[in-house]
Amino acid sequence: MTERHGRITGWGMYVPDRVLTNHDLEQMVDTSDEWIVTRTGIRERRITEPGETSSTMSVEAAQRALARADVSPNELDLIIVATSSPDYLTPPVSSMVQDQLGAQRAAAFTLAAGCTGFVYALVTADQFIATGMYDKVLVIGVEHLSMAIDWTDRDTCVLFGDGAGAVVVESSYQPTGVLSAELGSEGKDWDALIVPGGGSARPFREETLAKREQYLRMDGRRVFKFATRAMTDSTLRVVRQSGLSWDDIELIIPHQANARIIDLAVRRLKVDPAKVMVNLDRYGNTSTASIPLALCEAVDQGRIRSGDHIVMVGFGAGLTWAAAVVHWQPEKVDEAPILVEDWPIGERLRQPVTRLRNAMWSAGVIVRSRFQEASTALLLPLYTWQGRRRRRRKQRESKEG
Ligand code: COA
């Protein structure tokens, strides 16, 4: 038996030139740089110029990825575009990207899984390659959320930004690319992050527009709680599945939603923060573009080198989550099919032992984080009461002063 894997051979990113800082937002809504930085870690984000759309940003990122992989567009078998902000509801933006790239032979589809979309799309590409159906797949994560943001709503407008990232995945007989993965959905919370209008449930009408239902709404606290749990638990599970030890993981690339979500998950996982890629201070939450943007910057900064193992972990609207352990070795090598039966006996024995060690370690982390969640829930009323008392005292003091 021979196995096929998806080698990531190219990567590329694009962000619009226009920078919107927290100070710019101070002029637009009742907010402050200090609030945004302490609550989210974001300092600035990129916003499209007129004429820029999800398809144009995708093409820019894709062309860079294809050039790095030395693959021409007409060699592509499939294009998957992950996004929640396509140019149009119909046609799928993937076909527009296919046309603009000149990838005549390629099949193309658009995948919507909220901010988790890129990891879903990468795993899907890997599966098409593993089954032998395709050899060269282009995966794009793109978001043009600035057009779905209510710029008068301070709860959401400070969080998001625009951008695109892409990778080229090519067939390989070596165990590289996605080594283990998990895709998940918690549909009961579908309304926690929602654009209510414009779909078939509430098509655009005067009434929907009057209620500003064309814009994104979010229950920030519900998403926050889900995100920290999903990020911690799915990272643990994919590392365990991969048969690698935690020392083998060189970098974790989380979805760049909020520095506090990342910090909490990192503390629960007890990983060295230096092993976690963060660039949300400069781009904000670019939804499904955030992981490929962070991946591209990590590679360009030398934080990922050939032979490294990385974890990509995303969460978002749906609510969905996904994680994958990825072996990074972009160089194409002359290779022949490897028979699984030919694997050395030592390697086959090492895997179950490492899996057992990881299982014990992750059980410890899960117990610890459940304990933290329970104690936070118990202490929350006390903190709220203390906070109110402090605020009242401050108000009294300022009145007296
Ligand atoms: N500037 C200033 N104040 C703001 C504000 C802003 N931009 N946005 C909200 N506030 C206010 C609130 O009105 C509230 O005021 P009140 O106490 O007088 O009612 C106060 O700040 C605290 O709001 P709260 O919602 O408790 O803040 P928080 O600590 O939960 O942080 C988020 C809010 C949105 C940053 C946080 O919930 C979050 O990051 N959630 C996850 C969001 C996310 O990642 N979404 C995308 C997932 S893909």
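The values are calculated or read from the model by the stated rules, or taken from the named source; none is laboratory data. For clarity, every value in this text was computed on a predicted model and none was experimentally measured. Here Cβ is always computed from backbone atoms with ideal geometry, including for glycine, and neighbour counts include all displayed protein chains.
Out of VAL97, VAL123, VAL81, VAL139, which single residue is closer than 25 Å to LEU216 by Cβ and assigned to a helix (DSSP H, G or I)? Within the list VAL97, VAL123, VAL81, VAL139, the selection yields VAL97. When the range 216-252 is filtered for residues that are within 16 Å of the ligand (Cβ to nearest atom) and touching a helix residue (DSSP H, G or I) at 6+ places or on another chain (Cβ under 6 Å), the ones remaining, listed by number, are LEU216, MET218, ASP219, ARG222, VAL223, ALA227, THR228, MET231, THR232.
When residues in the range 177-196 are screened for being surrounded by 21 or more Cβ atoms within 10 Å (Cβ to Cβ) and within 15 Å of LEU122 (Cβ to Cβ), 3 of them pass. Note on the range 222-264: residues that are basic (Lys, Arg) and either closer than 18 Å to SER185 by Cβ or within 14 Å of the chain's Cα centre (by Cα) (or both) total 4.
Considering the range 188-209, the residues that are part of a loop (DSSP other than H, G, I, E, B) and among the basic types (Lys, Arg) include one that is nearest to the ligand (Cβ to nearest atom), namely ARG202. Going by the structure shown, is VAL119 touching a Lys or Arg at 6+ places or on another chain (Cβ under 9 Å) and of a type in the set (Val, Ile, Thr)? Judged against the criteria, VAL119 is not a match. Of all residue pairs spaced 6 or more apart or on separate chains, none has beta-carbon atoms under 6 Å together with a first member in the range 237-250 that is closer than 18 Å to ASP272 by Cα and surrounded by fewer than 16 Cβ atoms within 10 Å (Cβ to Cβ) and a second member that is modelled with pLDDT of 90 or more and aromatic (Phe, Trp, Tyr).
Each row is one residue, and each column tells you yes or no for (1) touching a strand residue (DSSP E or B) at 6+ places or on another chain (Cβ under 6 Å); (2) surrounded by fewer than 17 Cβ atoms within 10 Å (Cβ to Cβ); (3) without any contact (Cβ under 8 Å) to a residue 24 or more places away in the chain.
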site: GLY10; (1), (2), (3): yes, no, no
site: TYR14; (1), (2), (3): yes, no, no
site: THR21; (1), (2), (3): yes, yes, yes
site: ILE42; (1), (2), (3): no, no, no
site: MET57; (1), (2), (3): yes, no, no
site: ALA62; (1), (2), (3): yes, no, no
site: SER72; (1), (2), (3): no, yes, yes
site: ASP77; (1), (2), (3): yes, no, no
site: SER84; (1), (2), (3): no, no, no
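Restricting the first member to the range 283-295 and to residues that are without any contact (Cβ under 8 Å) to a residue 40 or more places away in the chain, and the second to residues that are crowded, with 24+ Cβ neighbours inside 10 Å and assigned to a strand (DSSP E or B), no beta-carbon pair is closer than 9 Å while six or more apart or on different chains.
Results for (1) buried (at least 23 other Cβ atoms within 10 Å of the Cβ); (2) in a helix (DSSP H, G or I), shown as yes or no for each residue.
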| residue | (1), (2) |
| --- | --- |
| ARG7 | yes, no |
| LEU25 | no, yes |
| ARG39 | no, yes |
| GLU49 | no, no |
| LEU66 | yes, yes |
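Looking at SER185, SER171, just one residue is hydroxyl-bearing (Ser, Thr, Tyr), modelled with pLDDT of 95 or more and more than 16 Å from the ligand (Cβ to nearest atom), and that residue is SER171. I'd like to verify a number: residues in the range 95-138 that are free of Cβ contacts under 8 Å to residues at least 40 places away in the same chain, away from the ligand (no atom under 16 Å from the Cβ) and either surrounded by 24 or more Cβ atoms within 10 Å (Cβ to Cβ) or farther than 23 Å from THR176 by Cβ (or both), how many? Number satisfying all stated conditions: 11.
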